[in-house]
Amino acid sequence: MREVAIVGAGMTRFGELWQSSLRDLFVEAADEALRAAGADHVDSIFVGNMSGGQFVGQEHLGPLMADHLGMAGVAATRVESACASGGVALRLGFIEVASGMSDLVLATGVEKMTDGADVTNVLASAADQENEVYHGITFPGLYAMIARAYMTENDLTEEDISWVAVKNHKHGAMNPKAQFQHEVTLEQVMNSTMVSDPLRLLHCSPVSDGAAAVLLCPLEQARKYTDRPVRIVGSGLATAPMALAHRPDPARLDAVARSAERAYGMAHVTPGDIQVAEVHDCFSIAEICCIEALGLLEREAAVKGAVTGCTALGGRIPVNTSGGLKAKGHPVGATGIAQTIEIFEQLRGEAGDRQVEGARLGLTQNMGGSGASSVVHIFEGV
Ligand code: COA
């Protein structure tokens, strides 16, 4: 296998972007990534996208996006793994370059959620239709059940969950691409509208539009495109039963733990080596569960991570310095690539006010649905 580096990145602002269509968003992000690296061609494109068909009536995104980027003719493939589509697109791009099949690959993600679709029902199509959705469950409902299970097993309070949102909004307030660039107080979070008990509005990621893209090439060619490449040193993908009822313990995210083990093994590192992480906080409870499953903190420390400041900027292991899905936004198919871009910038020392001093090793974890798929990547600044 060849070593693979990221040499360019581009991303739209996340939010309700009514002036831009699905293809506009894609082209803006992809064009920025190519320009950043001074590249005028690619061999292949992966487009992470959860549900263009249901959100805006557009499927077959590979050729459409290649054409609108002015690259009709290149290999182009749409990749779907619900909210983990972007992370899986990165993994496929990584494998394609590592294998020697292609030299320059764009790994991208895009989603347009605010054009009038029945978003809650579209998202629910990533849950188990026969065992869950038929009975009326939604994603806030699934994560509320995970939260209740976790609260029953542990000393976890609504206040602990709320601090995660406070922290991520604080980080997002420093991110010019974030959907929400304002801080929130603990009182605002704990008094926000109840969505699905115990999860309130300010525990939820929003409905968002956006796109993100990174350019990959063999490490040995990276200096042609940038003097600060970031190497992908580990990649792990795993699955778990989709229905919560089919899992041994709904509060345990086994796919996250397995994908992390695979990525740590490939990178020859341990969780303690990671200096900055972007994890999938689609609901604030998910950040706590994922930090534990990734082994970044023991369960008790994970529960209190945001309360103690351990997971905040300046803390022992800063998590979601971008603002996370909560504040940066969650255009589902784009999220995994946006997480990658935050770590890319951190490892290049380009994260501005959000910079984690001296960060050399970073991790992203991107999850599909209520945790039925999870993809973890580990990156090293070179
Ligand atoms: N966090 C903070 N503010 C939010 C928000 C969120 N998650 N969602 C909406 N808002 C704000 C809006 O900006 C708007 O503010 P304004 O009145 O100042 O303009 C206000 O709340 C009402 O927005 P609206 O779009 O009407 O909210 P909604 O009630 O339709 O949707 C949720 C709120 C929580 C139901 C929706 O954001 C949601 O479904 N989130 C979860 C998405 C999801 O499941 N993703 C997949 C995860 S696996």
Legend entry - segment 53-143, accessible surface, carbon-and-sulfur percent (1.4 angstrom probe): 49
Legend entry - Hull shadow area, averaged, segment 129-269 [alpha-carbon convex hull, nm²]: 12.0
Legend entry - Candidate lysines for bridging to Lys112, where Cα separation is under 26 Å - those fewer than 8 sequence places away on the same chain excluded: Lys170, Lys177, Lys326, Lys328
Inset, instruction - Take the solvent-accessible surface of the protein heavy atoms, probe 1.4 Å, and return the percent of it on segment 209-251 that carbon and sulfur atoms account for. - result: 52
Inset, instruction - Give me the angle, in degrees from 0 to 90, between the Cα long axis of helix 139-153 and the longest principal axis of the Cα atoms of the chain, rounded to the nearest 10. - result: 60
Legend entry - Alpha carbon convex hull of segment 67-112, projected area averaged over orientations, nm²: 3.6
Legend entry - Hydrodynamic radius (Kirkwood) for segment 295-349, which is based on Cα pairs only, to one decimal in Å: 12.2
Legend entry - Stokes-Einstein diffusion coefficient of segment 221-304, Kirkwood radius over Cα pairs, 37 °C, 0.692 mPa s, in µm²/s: 228
Legend entry - Sequence of Arg23, Arg223, Arg348, Arg35 when ordered by accessible area, the most exposed leading, probe 1.4 angstrom: Arg35, Arg223, Arg23, Arg348
Legend entry - For the chain, calculated [θ]222 nm from helices alone, where every DSSP H run of n ≥ 4 adds -39500 (n - 2.57): -10500 deg cm²/dmol
Legend entry - Modelled FRET efficiency - R0 25 Å, Thr270 with Ala301, Cβ distances, 0.05 increments: 0.95
Legend entry - Cα radius of gyration and Dmax for the chain (Å): 18.9, 56
Legend entry - Equivalent ellipsoid dimensions for segment 1-60 as semi-axes, Å, which come from the Cα gyration tensor, largest first: 24, 15, 10
Inset, instruction - Can you pull the one-decimal nm distance between simple spin-label points at Thr193 and Met1, each 7 Å off the Cα toward Cβ? - result: 4.6
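The values are calculated or read from the model by the stated rules, or taken from the named source; none is laboratory data. From a predicted model like this one, the values you see are computed outputs, not experimental measurements. When we count neighbours, we look across all protein chains shown, and the Cβ atoms used for this are built from the backbone with ideal geometry, even at glycine. Protein only, heavy atoms only, side chains kept; ligands, DNA and RNA dropped before computing areas. Shrake-Rupley method; radii C 1.70, N 1.55, O 1.52, S 1.80 Å.
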